[in-house]
Amino acid sequence: MTARILVVDDIPANVKLLEARLVAEYFDVLTAADGYEALAICEKQSVDLILLDIMMPGIDGFEVCERLKSNPRTAHIPVVMVTALDQPSDRVRGLKAGADDFLTKPVNDLQLMSRVKSLVRLKNVSDELRLRAETAHSFGLPVTDRPDEFGNVLLVDGRGSSQERMTRALKPVAEVTAMSDPQAALFEAAENSFDLVIVNSNFDDYDPLRLCSQLRSLERTRYIPILLVAEQGHEELVVRALDLGVTDYLMRPVDPNELVARSLTQIRRKHCNDQLRASVKQTIELAVTDGLTGLHNRRYLDNHLKLLIDRALARGRTLSICITDIDRFKTVNDTHGHDAGDEVLREFAHRVRATVRGADLACRFGGEEFVVVMPDTPADAAAAIAERLRTIVEGRPFPLPNSDMLLSITASLGIATLNPAGDTPEALLKRADMALYQAKNNGRNQVVAAAA
Ligand SMILES: [Mg+2]
């Protein structure tokens, strides 16, 4: 993982210390000695994370954070406030200013690296999401909503009193399911969809790392973030936990603000990841779907029809296709406008979908032309299905948008059936198209089957 980190502190020795540690982990480090310099750097350069001192001359860390978070150009940069020990009030003020996490001075290496890595991972996924949203926007595609900031948390904790305290602290950001039996919790995590599992290492006779490793090895729980709560001084346990794939940790006594900040980072990251996965799926669907009607598009038909034909020929089965075209569709657009035309296309597609059978493939071929591919269907059965579609189109007038008017619509249909001696998508489509042409010539609103 590489990232550009800005270290802001008015004491040069503090800057040097953090810089050396981060450079040793191959991070790219920028430094600033005060708030103004920090803001100027963020305006000009791309920064992935900021470690921000609070007490500084000029503008203090709280104000720097507020300014960063209120500027759309810098609002997405995670900010870690570096606070003095025993200053819970600083943490509350930091959160109000929009800080994402805290580190206490003197900064411990393990804490520094886990906070930095955790927030850089979140930034990576949320940057990717913002980029996809921009691309989607420039293509006129629907932009997915901002990820939800409220999550489902599974808390595995051996003690009732700390279950209660943590559930109360997390209330503003999460619905918490608390359990004290680790084995039952593993099943719960596998059965339900959680955004975060918090494992409190306070069991009398159970190794909490066993649960962490089981969560990491099960397919269904592999990607759920895990936050470990460890006893002060048990750094060895934390190091082993991070090696096992535990995402982040907290030390007891648990500061509620820290618990909320750290949980929120994981919940956000989980939601960003979920959205990214959904957007990949959506992109694939959009590539093969007609946006207006929701049917498959021509690109999909071109790819898939060849497979269906080859499979039918190889198995000695038949296959028919039907091309249908809405009669005098141009008049609909010319007389009632394109919105009305679009509505007719949508309703027509709806009737096509309602008429065809499960294994049939319905596509919008272009304009007002639709194709239905019917595997395992001989010519006479295909003609019956086409006739049913013709009747359903003619039988019920089409409603127009924002009007009580109904429009009578008819369609012409051409059918062609696979030549068992060998066939291609182009030849089959061509024969169906000739049959459609004949249906139009014969006076429209009818089904014509191509000669075998
Ligand atoms: Mg200072």
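Note on the range 191-259: Kirkwood hydrodynamic radius from all Cα pairs is 12.4 Å, rounded to one decimal.
Counting charges near Leu18 (Lys, Arg +1; Asp, Glu -1) among other residues having Cβ under 10 Å from its Cβ returns a value of -1.
Taking trypsin sites (Lys or Arg not before Pro) across the range 60-125, the ones in a DSSP loop with at most 12 further Cβ atoms lying within 10 angstrom of their Cβ are Arg73. Panel note: the C-alpha atoms of the range 367-445, placed on their principal axes, show extents of 52, 23, 22 Å (largest first). Only helices enter the 222 nm calculation for the chain: every DSSP H run of n ≥ 4 contributes -39,500 (n - 2.57), and dividing by all residues gives -16000 deg cm²/dmol, rounded to 500. Both radii are taken from the alpha-carbon atoms of the range 88-246; with Rh as the Kirkwood radius, Rg/Rh is 1.00.
Could you work out how much longer the chain between Leu131 and Asn202 gets when fully extended? Use 0.36 nm per residue separation minus the Cα distance between them, nm to one decimal. Display every interim value, and only then the final one.
On the way: separation 71, 0.36 × 71 = 25.56 nm, distance 4.19 nm.
Stretched fully, the Leu131-Asn202 segment lengthens by 21.4 nm.
Mind ranking 5-12, 235-242 by how tightly packed they are, going by the mean number of other C-beta atoms within 10 angstrom, highest first?
Averaged packing, sorted descending, gives the order 5-12, 235-242.
Positive contributions from Lys and Arg (+1) and negative ones from Asp and Glu (-1), summed over other residues with Cβ under 12 Å from the Cβ of Ser114, come out at -2. Within the shell of other residues whose beta carbon sits under 13 angstrom from the beta carbon of Ala362, the net charge comes to +2, with Lys and Arg scored +1 and Asp and Glu -1.
Which percent, to the nearest 5, of DSSP beta bridges fully inside the chain are antiparallel?
Approximately 35 percent, going by the DSSP bridge assignments.
Across q = 0.28 Å⁻¹, the range 1-41 modelled as identical point scatterers on its alpha-carbon atoms has Debye log10 I(q)/I(0) values of -0.92, in the order of the q list. Quotient of the Cα radius of gyration of the range 1-107 and 2.2 N^0.38 Å, N being its number of residues: 0.97. Taking square-rooted eigenvalues a ≥ b ≥ c of the alpha carbon gyration tensor, is the range 141-229 rounded, prolate or oblate, where a/c under 1.5 means rounded and, failing that, a/b exceeding b/c means prolate? It comes out oblate by the Cα gyration axes. Here the range 298-449 is treated as a sphere whose radius is the Kirkwood value from Cα pairs; by Stokes-Einstein at 10 °C and 1.306 mPa s it diffuses with a coefficient of 101 µm²/s. Here the Kirkwood formula, the inverse mean of 1/r across different C-alpha pairs, assigns the chain a hydrodynamic radius of 26.7 Å. Across the alpha-carbon atoms of the range 28-88, the computed radius of gyration and Dmax are 11.2, 35 angstrom.
Every read-out reported here was derived from the displayed coordinates using simple, explicitly stated rules and does not represent laboratory data. No experiment lies behind these values; they were computed from the predicted model shown. Cβ: placed from backbone, ideal geometry, glycine included. Neighbour counts: every protein chain shown.
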